[in-house]
Each structure stands twice: as structure tokens, then as C-alpha cells.
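Coordinate-derived values only; no laboratory data. Nothing here was measured: the structure is a model prediction, and the numbers come from that model. Methodologically, a virtual Cβ is constructed for each residue, glycine included, from the backbone with ideal geometry; neighbour enumeration extends over all protein chains shown.
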Amino acid sequence: LLILQAVALIVEVRPQGVVPSFHATQLLQAPKGHYVELSFTLKTSNPTPCIDDMYLEVRDGYNNSSSILGVFCGRNISGVVRSSGQSLWLRKSDTFDYHFSVKPNLDKVAETQFVLLNHSSSLWCPAKGAPAPVIVWRKNGTVVQNSTSVQYKLNITGENNNNYSCEVNTQDVFDKKQIRLVIESEF
């Protein structure tokens, strides 16, 4: 069994997604004017994955005639490849049995978030992971929202001196970020 953890990031538009399951080839595309970034990890217990023809091929374009960016095989390797245009073309070997997943993390969570006094506002916890991780929002330690939503809505009053946090479960360990509110007035 070869496990591929892969995320395709369409840069500048900023959507992110897990590469869908595919049989032999897969085309990843970004909107015109943007490019695709693929971050991946290959893991296997097979002692000779390269000899046994277990690989992931990545090309810079829309088909197998495009420039090759890499052919990746190995027991535990990671990589990042970027397209020069809006397409990345992937091919996997027939012996490549895989499972797609991405370990949840909170790397992109702003620990200081700005909100307006006397307005409804949102806190953001753009957790990465696949499948979509469950995000637990806490206010003063009490769970106030438990869902896959990266947004927590609240009304900002002068009394909002609460402690907020968001957390995700990363394989039986919680990754948690404290969020400090900076309350600004309109004037």
C-alpha cells in the first residue's frame, strides 16, 4: 500500500483541495492567470517501491506531452511542485494503490484578528486538512461551535473581552490556536 497525501493549491485565488481519486491520470487546473501548487507526501512499507514501479509522475501542462516536473517514488518522500501555467497533469503507476488524506493543521490562523465595535463580525480559522477537519471554537474555554466551518460569527460589543480559540484533532492530539481580538471603532 502506498499512501499519497496531496493538496492542490490554486495560488492567488487561494482555494485548496485534496486531489480526487483517479485511476491512471488526473488533470489539475487553476483559473486563467493562476497556477497550481501540489504539495504531497508518499509513504509506503514496500521495501522497493521504485523497483516495483510505484510512482507519481507530474507534468507542467495538460497532457503527457507536457514538460516533466518529476517522477517521484520512495518509501517516505515529500515534495512541492508548481505549474508555470494553469495546469498540472498527474499520472500514477498501475501498482500504485493509494489513499488521499492531509493531516489537519492550523498554520494559517491569524492569532490577532481585527473586528469592529457594535457590528456583527467573524473570526477565521482556515484549518487545512482532508477530509475537512472538524473545528472546535471555544469562548472562555466553553465550546460555542463544533463544525467544519472556518468561520465563527459574533456580535462585537464593549463587553467582548473574551478569550477565543479554535482547535482541530490531528490524530488524537489537538492543535489549538488562541485568538486575540483587537476591537476597533468606526471613527
Item to check | 120, 39 arranged by Cβ crowding within 10 Å, fewest neighbours leading | outcome: 120, 39
Next on the checklist: Quick check: pseudo-label points 7 Å beyond the Cα along Cα→Cβ at residue 112 and residue 94, how many nm apart are they?
Outcome noted: 5.9
Next on the checklist: On a 23 Å Cα-Cα criterion, which of the cross-link pairs 108/153; 128/176; 32/92; 32/153; 153/177 come out too long?
Outcome noted: 32/92; 32/153
Item to check | Sites residue 155 and residue 52, calculated FRET efficiency, Cβ-Cβ separation with R0 41 Å, nearest 0.05 | outcome: 0.10
Item to check | Distance in nm between pseudo-label sites at residue 29 and residue 80 (7 Å out along the Cβ direction from Cα) | outcome: 2.6
